[in-house]
2 protein chains.
Amino acid sequence: MTNEEILIRSALSVWRLYETRLIRAFHSLSEPELQREVAPGRNRLLYLWGHLTAVSDSLFPLLTIGPKLYPDLESMFLSNPDRSLSNYCTGAYVKEASERIHHALWDVFNRWTVREWLEPYAAAKHANGDPTRNRFTVVLNRTAHMAYHLGQAILAKPDR
Amino acid sequence: MTNEEILIRSALSVWRLYETRLIRAFHSLSEPELQREVAPGRNRLLYLWGHLTAVSDSLFPLLTIGPKLYPDLESMFLSNPDRSLSNYCTGAYVKEASERIHHALWDVFNRWTVREWLEPYAAAKHANGDPTRNRFTVVLNRTAHMAYHLGQAILAKPDR
């Protein structure tokens with residue numbers, strides 16, 4: 001492995017770690033358990049999980065991979081706060097979406113060359129030539145974003 | 001900048017982002033506000049802040065930079081759960097420690113060469129030759145760890 005490949009592989013190991021922790025935190029929860037709030041008056045677990053899934057789905061257009069796989073998640077979990085809509089999908093649906101999205105992303109992440117990792121993300125195309133506005137930075141940011149909400153979800157997780 | 005330097009600079013931008021968000025979340029809180037729990041029966045804000053500071057301090061030995069700057073934080077915020085000791089330091093003390101530790105780390109991070117970033121961390125010295133067990137991976141992991149607890153701290157932050 002070249003040094004560049006080691007640095008990318010290191011970052012992917014941390015993405016993978018948090019993806020695994022996310023799966024462990026959410027996948028075994030029942031539909032009633034997903035209705036729990038992380039703290040009084042705060043987001044439900046279902047919303048956090050849907051939010052993380054919708055944010056991961058938005059990586060497809062942001063990283064110019066392709067269109068979103070589950071564009072219907074956006075209004076439920078991204079552009080509106082929790083409980084602002086009258087209907088939400090089930091946890092089973094979020095689980096299916098999460099699995100398909102993360103599987104497809106992981107596949108792409110493992111195929112990109114160093115040069116592809118350093119390409120600017122979509123919104124940065126016309127930016128001021130800052131070389132850190134690249135796909136790699138976005139994935140590092142999203143890893144931290146997963147960790148941010150995972151820390152909250154853990155607070156409401158039932159003891160088993 | 002070489003590609004390697006861009007990848008490292010990208011990671012540092014995310015570390016810096018979460019460090020800044022941490023400062024914004026904690027530095028303006030009063031001592032009584034730091035006694036709030038992030039959720040009923042969970043860690044106090046003081047503990048989270050001290051914990052994050054103690055973990056950052058432990059990077060000095062882990063990344064073979066040198067000894068810890070505030071070894072007294074360990075028993076209060078790392079090796080024991082919240083409220084298990086009868087005495088805790090003040091928020092003012094954690095603030096001073098946090099500032100000194102993060103300033104010193106940032107200084108080191110900006111001086112390391114690519115080769116220094118790829119050195120194994122202390123505990124990995126005798127590991128199985130996996131090249132991702134390096135300082136870079138540790139800093140990415142700690143960035144996500146900052147985000148994890150920041151997400152919790154935000155739940156208890158007073159509205160201003």
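Quick notes on this structure:
- Enumeration of residues in region B:53-86 that are more than 17 Å from B:Q35 (Cβ to Cβ) and aliphatic (A, V, I, L, M): B:A54, B:V55, B:L59, B:L62, B:L63, B:I65, B:L69, B:L73, B:L78
- Within region B:30-51, tally of residues that are surrounded by 20 or more Cβ atoms within 10 Å (Cβ to Cβ) and either without any contact (Cβ under 8 Å) to a residue 24 or more places away in the chain or small (G, A, S) (or both): 1
- Among residues of region B:20-29 being out of contact with any His (no Cβ under 9 Å at 6 or more places or on another chain) and open to solvent by 50 Å² or more (accessible area, probe 1.4 Å), the one that is nearest to B:H103 (Cα to Cα) is B:T20.
- Selection count, region B:101-160, where residues are among the hydroxyl-bearing types (S, T, Y) and modelled with pLDDT of 95 or more: 4
- Restricting attention to region A:110-153, the residues that are assigned to a helix (DSSP H, G or I) and more than 14 Å from chain B (Cβ to nearest Cβ) add up to 2.
- Residue match in region B:63-75 (condition: surrounded by fewer than 21 Cβ atoms within 10 Å (Cβ to Cβ) and polar (S, T, N, Q)): yes
- Number of residues in region A:78-134 that are basic (K, R) and closer than 14 Å to A:L52 by Cα equals 2.
- Pairs with Cβ under 6 Å, 6+ apart, first in region B:1-27 and more than 9 Å from chain A (Cβ to nearest Cβ) and under 26 Å from B:Y47 (Cα atoms), second among the small types (G, A, S) and part of a helix (DSSP H, G or I): B:A25/B:A153
The values are calculated or read from the model by the stated rules, or taken from the named source; none is laboratory data. In this text, all values refer to a predicted model and were calculated from it rather than measured experimentally. For neighbour counting, all protein chains shown are included, and Cβ atoms are generated from backbone atoms with ideal geometry for every residue, glycine included. Keep in mind that these areas ignore ligands, DNA and RNA; they rest on the heavy atoms of the full protein, side chains included. Shrake-Rupley method; radii C 1.70, N 1.55, O 1.52, S 1.80 Å.
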